[in-house]
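The values are calculated or read from the model by the stated rules, or taken from the named source; none is laboratory data. Computed from a prediction, not measured in an experiment: that's the story for all the values here. Glycine gets a Cβ as well: all are built from the backbone with ideal geometry, and neighbour counts include every protein chain shown.
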Amino acid sequence: MHAAKTYFKNVWDSVATTLVGMRITGKYLLQKPITVQYPDERLPIPERYRGIHYLEQEKCIDCLACARACPIDCIEMDAVRHGKELEWISFTLDYQKCMFCELCVYPCPKDCIHMGTEFAFVTYDRSELKHDLLSFKGMAKEARIRMKEAEEKKKEKEAAKAAAGGAKESAPEAKLEKAADEGGDQT
Ligand code: SF4
Ligand code: SF4
């Protein structure tokens, strides 16, 4: 009798616990799924998220303020100056070291280095984590045009200066010639 009681109690427990489980399943069965199919889908990223940096290269003046502000020296840049224009060689950020503190962003006088919303930076090669933020190497097209215009202006100025110098030098000779002519007329 005791064995039969235990048997039926076990049957009842199995049915009851299955129903409890199925009640939870049933609750979510008709709801919209909450699983995000990453990377095809992504959760919305907060506005102030500190992800991988991006640089507005056209605005950058190679002042090194961001590199100096970085507490672990992750930022290195190299550019050649042609007067006011820059020829970019590299602007790297080492993500093996970066701790995403954003301290490099605040001192930028041109507000051109930002922390973006991208976070996926997966690689098998650690050297690739030294990421170049440049969108182009060398000089921007507009910078080339500005440099050419400045060179032409400089040449024009120099030519005008040379012409003015030549005129100044020839002025006393012309005066002498004029005086000689006048002396000749009196005789
Ligand atoms: S986020 Fe912080 S650690 Fe990373 S580059 Fe900027 S200052 Fe350096
Ligand atoms: S602080 Fe700004 S302007 Fe200066 S080098 Fe860095 S990104 Fe460029």
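List of remarks:
- Test: residue in the range 157-170 that is touching a strand residue (DSSP E or B) at 6+ places or on another chain (Cβ under 9 Å), over 30 Å from Glu41 (Cα atoms) and at pLDDT 90 or above: no
- Look at the range 72-86: where a residue is in contact (Cβ under 8 Å) with a residue 60 or more places away in the chain and a partner is more than 11 Å from ligand 2 (Cβ to nearest atom) and part of a loop (DSSP other than H, G, I, E, B), sitting 6+ places away or on another chain with Cβ atoms under 9 Å, you get His82/Met139; Glu85/Met139; Glu85/Ala140.
- Residue check, Asp62 within 14 Å of ligand 2 (Cβ to nearest atom), more than 18 Å from Pro109 (Cα to Cα) and in a loop (DSSP other than H, G, I, E, B): no
- The number of residues in the range 35-52 being loosely packed, with under 12 Cβ neighbours inside 10 Å and either away from ligand 1 (no atom under 16 Å from the Cβ) or at pLDDT 95 or above (or both) comes to 11.
- Residue check, Phe136 aromatic (Phe, Trp, Tyr), in a loop (DSSP other than H, G, I, E, B) and either at pLDDT 90 or above or not assigned by TED's automatic domain parsing to the domain that holds Glu58 (or both): yes
- Answer residue from the range 53-97, given it is of a type in the set (A, V, I, L, M, F, W, C) and near ligand 1 (Cβ under 10 Å from one of its atoms) and is surrounded by the fewest Cβ atoms within 10 Å (Cβ to Cβ) among those: Ile72
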